[in-house]
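First comes the structure, then the notes that go with it.
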Amino acid sequence: MDWNWQVIFDHIPDLLGGAVLTVQLVLFSGIIGLFFGLVLALLRLSKNWVVQIFPFLYIFFFRGTPLLVQIFLIYYGLGQFEAVRNSFLWEPVLSQAYWCAIIAFTLNTSAYLAEIIRGAIQNIPVGELEAADAIGMSKWQKLTRITLPRAFGIVIPAYSNEVIFMLKGSALASTIALMDITGVARTISARTYTLMELFFAAGIVYLLLSWVILFSFRMFEKRMNRHASYVPPDVTTHTVG
C-alpha cells in the first residue's frame with residue numbers, strides 16, 4: 001500500500017473546518033447539558049419519591065440506550081409526527097441536522113452529568129454542611145455558597161472525562177450528514193480513495209482537541225481546588241523574641 005502524505009496536507013484546511021463544527025457541538029451540548037444535569041441531580045436528591053420518578057426514568061433511558069439510536073429518534077423519528085411538523089420549532093430547529101445533533105448530545109450528556117453531580121454532592125463532607133446550618137444559613141444560601149461550589153470542585157475530573165466522551169461521540173453526527181471531522185474525512189476519502197490517510201489525519205485532530213480539553217480542565221481544576229494545595233506556615237520555625 002502506497003501511503004499518500006500529500007492528500008493529508010492538501011485537506012488539512014477541510015479537516016480543521018470540520019473541527020470547528022465538532023467543537024461547536026461539544027461546547028453547546030456540554031454547557032446546556034451541565035445545566036440540565038444539575039437540575040436532574042437536585043431532583044434525584046429530593047426526599048420526595050414522586051419528584052425522583054422523572055429524573056430516574058430520564059437517566060435510565062438515556063444512559064441505557066445508544067447515542068446513535070437517540071440521534072436517529074430525534075432526527076428521523078420526530079418528523080413522523082404531524083404535530084411536530086406543524087409546530088413553530090420544525091423549520092428553524094427540528095428539521096435541521098445541526099440542532100438535532102445538539103439536542104441529542106445535550107440530552108445524553110445531561111443524564112451522565114446528573115449522576116456525576118449527584119455523587120459529588122453526596123461526597124461533600126458532612127461537617128461543612130453542618131457548619132453552614134450552625135451559622136444560620138438558609139437552604140438557598142447553603143446550596144449556592146457551600147454545596148454547589150464544593151460539588152463543582154469535586155466533579156471537575158469526572159466532567160472532563162465526560163467532555164472527552166462527548167468529543168468522541170460527536171463523530172456520530174456524521175451519520176445525519178453533518179460535516180464534522182469524521183464527516184469530512186469520510187467524504188474526502190470516498191472521493192480520493194485514501195481512507196487510511198484521511199482517517200489517520202482525523203484521528204490526529206481528535207487527539208489534539210482531547211489534549212486541549214484535558215489541559216484546560218487541569219488548569220481550571222487547579223484554580224478551583226487551590227485550597228487543597230495550601231501549605232500552612234510552619235510555626236515551629238518562628239522563635240519568640
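Quick notes on this one:
- Lone unmet requirement of (1) part of a helix (DSSP H, G or I); (2) farther than 21 Å from PRO157 by Cα; (3) among the basic types (Lys, Arg) for ARG63: (2)
- ASN123 fulfils the conditions (1) touching a residue at least 24 places away in the same chain (Cβ under 8 Å); (2) under 21 Å from SER29 (Cα atoms) except for a single criterion, (2).
Rundown of residues vs (1) open to solvent by 20 Å² or more (accessible area, probe 1.4 Å); (2) of a type in the set (Lys, Arg); (3) free of Cβ contacts under 8 Å to residues at least 24 places away in the same chain; (4) touching a Gly at 6+ places or on another chain (Cβ under 7 Å), yes/no style:
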site	(1), (2), (3), (4)
ILE8	no, no, no, no
LEU21	yes, no, no, no
ALA41	no, no, no, no
LYS47	yes, yes, yes, no
PRO55	no, no, no, no
VAL69	yes, no, yes, no
GLU82	yes, no, yes, no
ALA104	no, no, no, no
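- Single condition THR144 does not satisfy, out of (1) touching a helix residue (DSSP H, G or I) at 6+ places or on another chain (Cβ under 9 Å); (2) part of a helix (DSSP H, G or I): (1)
- LEU214 under 16 Å from LEU16 (Cα atoms) and at pLDDT 65 or above: no
- Residue in the stretch 23-30 that is within 14 Å of ALA114 (Cα to Cα), open to solvent by 30 Å² or more (accessible area, probe 1.4 Å) and either in contact (Cβ under 8 Å) with a residue 12 or more places away in the chain or outside any helix (DSSP H, G or I) (or both) present: no
- Residues within the stretch 148-185 that are hydroxyl-bearing (Ser, Thr, Tyr) and crowded, with 20+ Cβ neighbours inside 10 Å, tallied: 4
- Residues (open to solvent by 90 Å² or more (accessible area, probe 1.4 Å) and either of a type in the set (Val, Ile, Thr) or without any contact (Cβ under 8 Å) to a residue 12 or more places away in the chain (or both)) located in the stretch 57-67: LEU57, PHE60
- Out of LEU178, LEU207, sole residue that is at pLDDT below 95 and either under 13 Å from THR22 (Cα atoms) or assigned to a helix (DSSP H, G or I) (or both): LEU178
The values are calculated or read from the model by the stated rules, or taken from the named source; none is laboratory data. All values reported here derive from a predicted model rather than from experimental measurement. Reconstructed Cβ throughout: ideal geometry from the backbone, glycine too, with neighbour counts over all protein chains shown. When the accessible area is computed, the model is the full protein with side chains, heavy atoms only, and any ligands, DNA or RNA have been set aside. Shrake-Rupley method; radii C 1.70, N 1.55, O 1.52, S 1.80 Å.
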